[in-house]
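The values are calculated or read from the model by the stated rules, or taken from the named source; none is laboratory data. Note that the structure is predicted; figures quoted are calculated from it, not measured. Note that each Cβ is placed from the backbone with ideal geometry, even for glycine, and that neighbours are counted across all protein chains shown. Ligands, DNA and RNA are stripped out before the accessible areas are found, and what is left, the full protein with its side chains, is counted by its heavy atoms. Shrake-Rupley method; radii C 1.70, N 1.55, O 1.52, S 1.80 Å.
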Amino acid sequence: MNAFSFKERCLIGLTLFSMFFGAGNLIFPPFLGYLAGESTLSAMSGFAITAVAFPILGVIAVARSGGLETLAGRVHPVFAFIFTLLIYLSIGPCLAIPRTASTSFEMAVAPLFSGDAIFTGTVMGFEAATVAQAVYSVVFFTIAFLIALNPEKLTQRLGKILSPSLITLIAILFIASLVNPLGDYAAVRAPYDQVPLFKGFIEGYQTMDTLAALNFGLIIAMNIKAFGIKDEKTVVSETVKAGLIAGLLLITIYSALAHIGAEAGGAGFVGENGAQILTSVATAQFGPLGLSILGAIFFIACLNTCVGLLSCCSNYFKVTFPVMGYRGWLVLFAVSSMIISNAGLTMILKLSIPVLVGIYPLALVIIVLALIDPLISRFKRVYPMTMLFTGIAAVGQAFNYAGFPIPVLDPFLKSVPLASIGLEWAIIALAGLVIGAIVSPRQAKAA
């Protein structure tokens, strides 16, 4: 086979979409709409840059560069190893994988144990909700483990079954908001009342999709080859096309969710996060059935992403640390993630913010460098200098978010243009690029 049919290409695109679309993708757009109100379009535009455009560009950049380690190796081999390892750990067992289970539990099961719910009391000295979360995590990761055992078959399992089901359920919520509007868009609220475009840009970090994009290409390529395509150029081409299909689906569904949240704000609903907003909307539209619909949405979305992350992390560690095979790493990550998920969603989200602030700028910048590589490849020191400058700014931001500002560095970062909106790293990265070009030896120029 030399190329895909339209149907096969759509299946691969659906598979990539389902791997991207998890917990954060459901939570953040409706809350953005809820707070941004009349400025939803502007805020959503910024969100789309870091939650849609960069993830898809990341898939394309890595596919064309021959893999993340090859791309990061343009900076330095040591950087390539550490950067790649940190990304896999953050999107893997340390943060993203446990978050899929804890988020789906909070939405699908936890309501049965809160307030006046009938499932209350204790079990063997533990709160019923605590026991339920432990049991749920075992079931959730067992299912994810079984699906991830054969990563080359994800197209059949995610693309054909789970992803269409997820899109259908979200469409039901969106159509209900069109047929029975709950309210008009409200006035913009803080923090979107100050440059909503840039606030949306920063909010897109929370989806973690740009980090995941740097790794999902391997799994997608594996699924493409399972269809019988062996030519590497064709594999890259089909990977790019799958990314474009996934991006179209992401922006469409994000816009629908943001619209639902904006209507909820106009209707006077109150919530502290996107999950609460969606719960209120689903209940208002469908009554008790709405909670079942929403629970199914969160379960399928989180399971899809969990499977994709387990697969790509296990493949990476199998190659990088061959002390165990794919299945051995898969068991380790499933079990460790299951344990960490029981710490609860609030704790996981609290820990994730400094980590994302520290890693995300590096991911964004290396994608940009990969895309403009034909223009800068002759400047030997552009990659290392740009990433060095970006890393210093990102680490400073991360320590500040963690409550441990670095003396001298923190005041300097706050004095850089765009610091008020959290984008000082972009100015510093640009400075690194210019300096790298200036100090690069002229003999590095390509013939």
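Below, the figures for the structure above:
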item	result
In nm, spacing of pseudo-spin labels at Lys350 and Phe404 (7 Å Cα→C-beta vector)	1.6 nm
Stretch gain in nm, segment Asn150-Val335, where the contour uses 0.36 nm per residue and the Cα spacing is subtracted	64.8 nm
Simple label model, 7 Å out from Cα along Cβ direction - Phe227 to Ala171, nm	2.1 nm
Cβ-derived FRET efficiency at R0 25 Å, Val135 paired with Val323, nearest 0.05	0.20
Within segment 194-283, GluC sites (Glu not before Pro) in DSSP loop having at most 11 other beta-carbon neighbours inside 10 Å	Glu272
Positive-end extreme of charge dipole, the chain - chosen from Gly92, Ile251, Gln285 (charges on Cβ)	Gly92
Positive-end residue of Leu173, Pro374, Phe28, charge dipole of the chain with Cβ unit charges	Pro374
Whole-number percent relative contact order across the chain, with pairs defined as alpha carbons under 8 Å at least 6 apart	30 percent
Rounded to the nearest 20 debye, dipole of the chain from Cβ charges on Lys, Arg, Asp, Glu	1560 debye
Residue (of Val331, Thr234, Ala221) at the positive-pole extreme of the chain, dipole from beta-carbon charges	Thr234
Peptides ranked, highest mean first, by Cβ atoms within 10 Å: ranges 312-325, 417-430	417-430, 312-325
With all protein chains modelled, accessible area of Asp231 [1.4 Å, Å²]	80 Å²
Per-pair calculated FRET efficiency, R0 = 22 Å: Leu244 and Lys7 via Cβ, rounded to 0.05	0.85
Carbon and sulfur %, accessible surface of segment 1-95 computed with the full protein complex present, 1.4 Å	68 percent
Gyration tensor (alpha-carbon) shape descriptor, segment 1-81, a/c threshold 1.5	oblate
Per residue solvent-accessible surface (Å²) - segment 226-277, probe of 1.4 Å	40 Å²
Over the chain: helical MRE at 222 nm, DSSP H runs n ≥ 4 each giving -39500 (n - 2.57), nearest 500	-23500 deg cm²/dmol
Highest to lowest packing among 8-14, 102-108, scored as the average C-beta count within 10 Å	102-108, 8-14
Virtual paramagnetic centre 7 Å along Cα→Cβ of Arg189, amide N under 14 Å, in segment 257-276	261-276
Amide H contacts of Ala343 (H built 1.01 Å from N, under 5 Å, at least 5 apart or other chain)	none
Sequence-separation-based contact order of segment 231-298, relative, with Cα cut under 8 Å and 6+ spacing, percent	17 percent
